[in-house]
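One structure is given below, encoded as structure tokens.
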Amino acid sequence: MRLEPPVFRPPSEAFSLILQLTIGCRHNACTFCGMYKGKKFRIKTWEEIKKDIDDCSRQMAGIRRVFLADGDALSAPTPLILKTVFYLYKQFSDLERVSMYAGPKDILDKSLSELEEIKFSGVSLLYLGVESGNDEILRAVHKGVNAREMVEAGRKALQAGFEVSVTIINGLGGTDHWRRHAEDTGKVLSAIDPTYLGALTLMVVPNTPLYRKVQQGEFKIPGSTGILQELKCMLENLNLSHCIFRTNHASNYLPLRGVLNKDKEDLIAILEQAITRPDAIPLRPEYSRGL
């Protein structure tokens, strides 16, 4: 199989077979993201996809998970997604899960019946980048949707039967808007009530619009204490039914894990201790943080 680099996947897909359904990102406008800036978006043909699957089925055994890339894989036509997933399960007898990135606009552009078909075909998990719940910040980073549309997309995916793994980015409001970012993100996440929630911490990527704003002094990144305060504030504004929460991404200062809301107060207490007694809970040093 030939992958067209660079290729990205969520941390939980570390042991999955990555199959590119699309190349690049259809939206590709977020000011903080440099992942697909060097790629021109296109949807692969069925002949390309089938060849990749056939090559892998001949060379690999025991494949249990497949992740469909690139950034806007769900933007592919529904018949192509269905054909791909059905063929994956045909060729890999041990396959247990297929997952994919799903931009909010991709979810909104599909009808509920299309999403239900995709779920029925064997795609069980969608990764949705919420990033922020604040309209001003979403507009500033060119996410392409507002908070109401983000909630609509997340709930639509859940209604179709998918598990939904949401990511947010601490620090995306800078030092000026951290509280609004935290409070509004908590409200949007509560309205979605996702299956999984992962918090990342902003890492400014060179040659992105946000990087240029930082260089020009128009955007100031919160320090570690500010990030912990922001995360604590977000948790205080969360009301989730049974969401698996992680901050185990390499960008984060403090790895946390729990189930929300069950472990909410315990997590808030850990963050409060890290903020008020920094020597008591060691943080990941700057040099070891990464994307």
Exercise. Taking neighbour counts of Cβ atoms within 10 Å as a proxy for exposure, in what order, fewest first, do Leu108, Leu210, Leu172 appear?
Worked result: Leu108, Leu210, Leu172
Exercise. Sorted from largest down, what three extents in whole angstroms do the Cα atoms of region 141-291 have along their principal axes?
Worked result: 42, 37, 24
Problem set entry | Inter-centroid distance (Cα atoms) of region 95-112 relative to region 60-89, Å | 11
For this session: Would you please name the GluC sites (Glu not before Pro) within region 171-262 that are DSSP coil residues with at most 16 other C-beta atoms within 10 Å of their C-beta?
Result: Glu218
Seminar exercise, completed: Any trypsin sites (Lys or Arg not before Pro) in region 21-91 that lie in a DSSP loop and have at most 10 other Cβ atoms within 10 Å would be Lys40
Exercise. Which order do Met60, Met203, Met35, Met150 fall in if you start with the one that has the fewest other Cβ atoms within 10 Å?
Worked result: Met60, Met203, Met35, Met150
For this session: For region 67-188, just run the numbers: alpha carbon Rg, then divide by 2.2 N^0.38 Å, N being how many residues it has.
Result: 1.15
For this session: Take the Cα atoms of the chain, find their three principal axes, and give me the spread along each one in whole Å, biggest first.
Result: 56, 42, 35
Problem set entry | Along each principal axis, Cα extent of region 3-133, largest first, Å | 40, 33, 27
Exercise. Looking only at Asn237, Asn248, Asn207, which one moves most when the chain is put into a Gaussian network model with springs between Cα atoms under 10 Å?
Worked result: Asn207
Problem set entry | Kirkwood-based Rg to Rh ratio, region 206-291, C-alpha trace | 1.02
Exercise. Dipole of the chain, Cα-centred, from +1 at each Lys and Arg C-beta and -1 at each Asp and Glu C-beta, to the nearest 20 debye?
Worked result: 580
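Every read-out reported here was derived from the displayed coordinates using simple, explicitly stated rules and does not represent laboratory data. Quick caveat, the model's predicted, so the values are computed rather than measured. In this analysis, Cβ positions are derived from the backbone assuming ideal geometry, glycine residues included, and neighbour counts consider all displayed protein chains.
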